[in-house]
Amino acid sequence: MSDGTPIAQQRRLVTQLPGPRSIELMRRKNSAVASGVGTTMPVFAERAGGGVVVDVDGNSLIDLGSGIAVTSVGNSAPRVVDAVSAQVRAFTHTCFMVTPYDGYVRVAEALNRLTPGSHEKRTALFNSGAEAVENAVKIARVATKRQGVVVFDHAYHGRTNLTMAMTAKNMPYKHGFGPFAAEVYRAPLSYPFRDGGLAGEEAAARAIDVIEKQVGAANLAAVVIEPIQGEGGFIVPADGFLPALVQWCKDNGVVFVADEVQTGFARTGDLFACDHEGVVPDLIVTAKGIAGGLPLAAVTGRAELMDAPHVGGLGGTYGGNPLACAAALAVIETIETEHLVDRARHIGKTLVERLQAFGDDRIGDVRGRGAMVAVELVKAGTTEPDPDLTKAVASAAHAEGVVVLTCGTYGNVLRFLPPLAMPDHLLAEALTILEDIFRKS
């Protein structure tokens, strides 16, 4: 248990990983938890903060995952701890749909202010990214009186029935769980590493041609896209791709939905990834980094769209829980006062420069923006995906006390999502360890 003492920002291994206490806890986990719930590393966390996670055996690991882009401001960030502690003492829950409270309104006001575009906005709060994506689709369908939804190759939108249908990757997300929701269609993404140099506008024209021929604009409620794909492999569309899609949606009365669950809240070196090209979505979905580790998600968008559903049509028992709202307001304050957008750009520059300097011809692509960077691994001299190498590098990093995540449709992408609170020396050490692993692999 934490005694409030700041955690030393250093990698420290006192046992092999996993250590004896983690091994015992994993045994208990296997006896008590459904086997479908997997873990990336067989170590159990006891404390975390800044850029490290300390396990139950006293090992201190460098965290390049941030709980999958959740703890961007750091675990146990002081403002978040103070705000949540004060809210716990006041009340933990009343349900906003029963007796509302100020925190929910303040979060909605903040999101209306911060998200792209100067138009009048409204916000609704939910629990998870998948839940928010589903509600964005509900809103778009009511507002347009159409049913079709277009998503993209390599997309990940969640694990509920509708969002599984919207997600591209079969294993582990979809296999055996169908049938899935209807009226979901898939279009080709701009994927510069595998597009043969296709320009953004050309890739958009290709996608629009598929949409018009296979769906038809008159049947389409929404186009839903991650401005930078997450689980799909940190794929950054070529410049011009997103603006062209936005314009087509505008011309055809289709709701453009930006899924910024993983990219939002300073992660990409802008407050939102859409800001990079000045893209203004009709609806924007946020979660993960919004509340410093507490479950919260949101749909924010044009007032006329958000107000289209009937009263009572949006909501949920825990949506906008007061503890999560308190955390979100503290996260926003932390991002703004500690200049974490700039910090994300600095981290991204370091990541890209160091990874490119590895000079390994099995690194087919280094890509991303801000503190959301990935390497796509291939067999030397080809573009053939190499998932075995990816697993081997990740496993070696884990053994050295560096938390690294993998992703990608082909299972061949290492992704780096360090907390924006990570000090430079820890990031440098992690990259040195990775470079050494590549040389030995």
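Projection of the Cα convex hull of the stretch 1-115, averaged over all directions and equal to a quarter of that hull's surface, yields 10.2 nm². Highest mean first, the peptides 319-328, 304-313 sorted by other C-beta atoms within 10 Å per residue fall in the order 319-328, 304-313. Compared with the rule-of-thumb size 2.2 N^0.38 Å for a compact globular protein, the stretch 1-51 has a Cα radius of gyration ratio of 1.34.
At a Förster radius of 41 Å, what calculated FRET efficiency corresponds to the Cβ-Cβ distance of T160 and D424, to the nearest 0.05? That pair, T160 with D424, gives E of 0.55. Computed over the chain with a Gaussian network model linking Cα atoms closer than 10 Å, the most mobile of I284, I208, I23 is I23. Sorting the segments 286-297, 251-262, 45-56 by their mean number of nearby beta carbons within 10 angstrom, highest to lowest, gives 286-297, 251-262, 45-56.
Rounded to the nearest Hz, the phi-derived 3J(HN,Hα) couplings of the stretch 407-418 under the Karplus curve 6.51 cos²θ - 1.76 cosθ + 1.60 (θ = phi - 60°) are 6, x, 4, 9, x, 10, 10, 9, 10, 10, 10, x, where x marks glycine and proline. Computed per residue of the chain from DSSP H runs no shorter than four, each worth -39500 (n - 2.57), the mean residue ellipticity at 222 nm is -11500 deg cm²/dmol. For each pair in K250/K288; K288/K349; K213/K391, compute the distance between the two Cα atoms and list the pairs where it is over 30 Å. As for pairs spanning more than 30 Å Cα to Cα, those are K213/K391. Count neighbours as other Cβ atoms within 10 Å of each site's Cβ, and list the GluC sites (Glu not before Pro) in the stretch 114-172 that are DSSP loop with at most 14 such neighbours. Filter output for the stretch 114-172: E120.
Where does the charge balance sit around G196 when Lys and Arg score +1, Asp and Glu -1, over other residues with C-beta under 14 Å from its C-beta? Net local charge, G196 excluded: -1. Of the residues A187, M164, A108, the one whose Cα sits farthest towards the positive end of the charge dipole of the stretch 80-337 is M164 (charges of +1 on Lys and Arg Cβ, -1 on Asp and Glu Cβ, taken about the Cα centre). If you average the alpha carbon positions of the stretch 385-413 and of the stretch 92-155, how far apart do those two centres end up, in angstrom? Their Cα centres are 34 Å away from one another.
Placing unit charges on the Cβ atoms only, positive for Lys and Arg and negative for Asp and Glu, gives the chain a dipole magnitude near 940 debye about its Cα centre. Name the residue from V133, T406, S35 whose Cα lies farthest towards the positive end of the charge dipole of the chain, charges +1 on Cβ of Lys and Arg and -1 on Cβ of Asp and Glu. Of the candidates, S35 comes out farthest on the positive side.
Compute the separation of the alpha-carbon centres of the stretch 291-320 and the stretch 210-266 and state it in Å as a whole number. With the stretch 291-320 and the stretch 210-266 each reduced to a Cα centre, they are spaced 20 Å. Couplings 3J(HN,Hα) for the stretch 301-309, derived from phi with the Karplus relation 6.51 cos²θ - 1.76 cosθ + 1.60 (θ = phi - 60°), are x, 4, 4, 5, 6, 5, 8, 5, x Hz, where x marks Gly and Pro.
In order along the stretch 183-198, the Karplus-derived 3J(HN,Hα) couplings, from 6.51 cos²θ - 1.76 cosθ + 1.60 at θ = phi - 60°, round to 6, 10, 10, 10, 10, x, 8, 6, 10, x, 5, 10, 9, x, x, 5 Hz, and Gly and Pro are given as x. Positive contributions from Lys and Arg (+1) and negative ones from Asp and Glu (-1), summed over other residues with Cβ under 10 Å from the Cβ of L305, come out at 0. DSSP beta bridges fully contained in the chain are about 65 percent antiparallel.
The length gained on full extension between T317 and T383, counted as 0.36 nm times the residue separation minus their Cα-Cα distance, comes to 19.0 nm.
Simple spin-label estimate for T92 and A45 gives 2.0 nm between the two label positions (7 Å along the Cα-to-Cβ direction from each Cα). Positive-end ranking of G51, V73, S22 along the dipole of the stretch 11-112, with charges on Cβ about the Cα centre, is headed by S22. Each of D307 and A199 was given a label point 7 Å from its Cα along the Cα-to-Cβ line. The distance between the two points is 4.1 nm. In this simple spin-label model, placing a label point 7 Å from the Cα along the Cα-to-Cβ direction at both V105 and V37 gives a separation of 3.7 nm.
No value in this document is a laboratory result; all are computed from the given coordinates. All values derive from a computational prediction rather than experimental measurement. Positions of Cβ are generated from backbone atoms using ideal geometry, with glycine treated the same way; all protein chains shown enter the neighbour counts.
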